[in-house]
Amino acid sequence: MGDVEVSERRRIERSFSLFKIIPINDDDDTLHSKGTDFSPVDDGVVVDEKKDMDVVKEIDSLLPITESRKGNAYTAAFHLLSSGIGTPALVLPFAFTSLGWSWGIVVLTVIFAWRLYTMWLLVHLHEMVNGTRYSRYLQLAIVAFGEKLGKCLSIFPTMYLSGGTCVMSIIAGGRTLQLFYNTICENDQHCLHKSLSGAQWFLVFVCLAILIAQFFPNLNSLAWVSFVGSILGVAYFTMLWALSIGKGRPNGVTYNPSDNVTTTMAQFRAVLNGVAIIAIAFRGHNLVLEIQGTLPTNPKHPTKTRMWRGVIASYSLIAMCVFPLAIGGYWAYGNMMPANGIMGAIAKYHQESTPKWLIGTIYMMVVIQCLCSFQIYAMPVFDNLERIYVSRHLKACPRWVRSCIKLFFGGLTYFISVAFPFLGSLAAFVGGIALPLSLVYPCFMWISIKKPQRNSLMYCLNMFLGCLGILISIVQVAGALWNLVIDKLDANFFNP
């Protein structure tokens with residue numbers, strides 16, 4: 001009997017790892033989705049699909065992303081807002097210094113509308129007519145493009161946008177903690193002398209992040225964390241642009257993009273850099289399907305209705321934060337805007353005239369919001385790591401295993417943040433590689449899965465946007481490499 005049990009377990013593990021994808025159906029036992037092959041590939045071994053489907057559904061119910069499906073439109077909006085707003089958008093006014101008023105507003109509006117449209121595509125692709133749900137971006141990519149191509153196209157972008165965003169949160173949060181400490185010390189040299197090193201501030205941040213993560217076993221349980229992150233994100237964005245406008249413009253402000261460059265080629269590089277900044281300022285597409293996976297569903301009330309309400313609410317607030325910050329920040333500082341964004345501008349031009357308590361409050365809001373977004377972006381990583389244990393043992397991860405997984409991930413991200421503290425300088429380059437996940441793949445996924453009639457409006461629109469997105473991604477990567485070569489990367493390894 002022991003050999004039989006071992007053989008059965010191996011068969012289940014093999015089928016779980018080798019099939020293209022088996023859908024998760026919350027309402028019935030539908031085994032097939034139109035146009036999709038769910039047959040396992042294992043040297044001709046015929047597997048009982050019904051039994052495999054039950055196993056996969058059981059495994060899915062034990063993983064962090066789909067463990068709890070008790071969310072609603074409000075929790076979805078909080079998750080989307082907390083993950084969609086962050087420190088990359090604080091550099092938007094600097095993008096306007098190379099694009100100017102007209103093109104800056106046009107590019108910002110187009111990118112925002114484009115991302116909102118691809119969000120709509122993903123929301124409507126999450127759940128098929130027969131109830132099949134795809135609660136992970138990789139699952140949908142495999143269904144749309146096939147197993148090999150789907151994994152090839154989506155694994156790196158999703159890994160970067162999850163783990164990479166956590167690393168950037170550590171870098172931004174750790175440095176902001178240091179700024180907060182320096183603000184409290186003011187001009188006290190004895191206090192400043194006792195400040196921690198950059199690596200130690202990073203360690204403080206990651207310890208806080210992993211400590212918080214221990215109390216939230218699944219994505220739906222992070223609703224209150226996302227709520228706090230959303231409130232603080234909207235608050236400090238509003239405070240930054242309002243403070244910049246309220247303080248007035250420094251002397252010598254100009255708005256002519258050509259004032260900052262001396263040659264045509266330099267101006268062209270600056271334009272590419274400006275477009276790249278705007279393109280990577282918005283984020284969160286890699287979490288849309290996961291967030292929608294926390295919502296309950298039934299035939300009369302599919303998830304797309306509630307999820308789209310959450311998207312509209314969150315993106316409305318994101319627009320209310322991002323557009324005033326970009327336009328107001330550029331109005332206040334013009335071509336004098338430093339490369340590190342609006343927080344650097346306030347510190348440079350209004351440090352002495354701004355109350356210390358106000359600056360300290362903004363810094364602490366940024367730190368807490370980074371801690372909140374870290375939790376959301378880390379969840380897909382926890383989900384993938386826990387899947388290894390669950391698929392082998394066919395039971396939920398014990399608490400100590402989950403704790404070890406989170407400690408391992410925290411240690412790994414801390415090591416990367418200390419080893420490569422200059423990752424922010426590579427954001428345009430790596431972001432260009434991951435950009436198709438947001439602007440391109442959803443368009444081609446719609447064509448592949450929905451199969452609209454050739455030459456119809458949806459077919460032409462998605463084909464045009466997909467091809468244009470590929471072109472923008474290639475140009476952004478090339479422009480980022482060009483800038484890195486010309487400006488020379490300051491690669492301060494292990495010296496945060």
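Below is a table of values for the structure above.
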item	result
Relative counts (whole %) of C-alpha pair distances in the stretch 50-146, using bins that are 10 Å wide	11, 32, 29, 18, 8, 2, 0
Under DSSP loop assignment and at most 10 Cβ neighbours within 10 Å, longest GluC sites (Glu not before Pro)-free interval of the chain	1-185
Percentage relative contact order, the chain, counting C-alpha pairs under 8 Å, at least six apart	30
Karplus-derived 3J(HN,Hα), 6.51/-1.76/1.60, for each residue of the stretch 185-198, Hz, glycine and proline x	6, 6, 9, 6, 5, 5, 5, 5, 5, 8, 4, 6, 7, x
Accessible area of the stretch 210-272 belonging to carbon and sulfur atoms, whole % at 1.4 Å probe	68
The stretch 358-496, relative contact order [Cα under 8 Å, separation at least 6], %	30
Computed magnitude of the charge dipole of the chain (debye, nearest 20; Cβ of K, R +1, Cβ of D, E -1)	600
Asp383, Asp487, reordered so the largest accessible area comes first (probe 1.4 Å)	Asp487, Asp383
For His285, solvent-accessible area (1.4 Å; no DNA, RNA or ligand), Å²	0
Degrees separating the helix 264-279 axis from the principal Cα axis of the chain, which is the longest one	50
Computed over the stretch 158-256: relative contact order in percent, which uses C-alpha pairs under 8 Å that are six or more apart	23
Exposure of Phe429 as accessible area (Å², to 10), given a probe of 1.4 Å and all protein chains	50
Vicinal HN-Hα couplings computed from phi for the stretch 325-330 (Karplus, 6.51 cos²θ - 1.76 cosθ + 1.60; Hz; Gly/Pro x)	5, 5, 6, x, x, 5
For the stretch 230-323: span of alpha carbons on each principal axis (Å, largest first)	61, 35, 16
Nearest-20 debye value, the stretch 247-393 charge dipole, Cβ charges on Lys, Arg, Asp, Glu	320
Dimensionless Rg over Rh [the stretch 312-351; C-alpha; Kirkwood]	1.09
Solvent-accessible area of Trp331 with every protein chain in place, 1.4 Å probe, in Å² to the nearest 10	90
Portion, in percent, of the accessible area of the stretch 348-496 that falls on carbon or sulfur, probe 1.4 Å	70
Orientation-averaged projected area, Cα convex hull of the stretch 111-206 (nm²)	9.6
Using distinct alpha-carbon pairs, which all enter the 1/r mean, Kirkwood radius of the chain in Å	23.9
Orphan Cys of the chain, criterion: no other Cys C-beta under 4.7 Å	Cys152, Cys166, Cys207, Cys321, Cys370, Cys372, Cys397, Cys404, Cys443, Cys460, Cys467
Of Thr294, Leu208, Asn260, farthest towards positive along the dipole that unit charges on Lys, Arg, Asp, Glu beta carbons give the stretch 181-305	Thr294
Carbon and sulfur %, accessible surface of the stretch 98-154 computed with the full protein complex present, 1.4 Å	76
Loop trypsin sites (Lys or Arg not before Pro), the stretch 263-371, which have at most 10 other Cβ atoms in a 10 Å radius of their Cβ (DSSP)	Lys300
Expected 222 nm ellipticity per residue - DSSP helices of 4 or more, -39500 (n - 2.57), all of the chain, to 500	-22500 deg cm²/dmol
Length released on extending from Val253 to Cys185, taking residue separation times 0.36 nm less the Cα-Cα span	21.3 nm
Heavy-atom surface of the chain, accessible at 1.4 Å and reported per residue (Å²)	44
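The values are calculated or read from the model by the stated rules, or taken from the named source; none is laboratory data. Just so it is clear, the model here is predicted, and its values are computed rather than measured. Ideal geometry is used to build each Cβ from the backbone, glycine not excepted, and the neighbour counts take in all protein chains shown. SASA here: full protein model, heavy atoms, side chains in, ligands and nucleic acids out. Shrake-Rupley method; radii C 1.70, N 1.55, O 1.52, S 1.80 Å.
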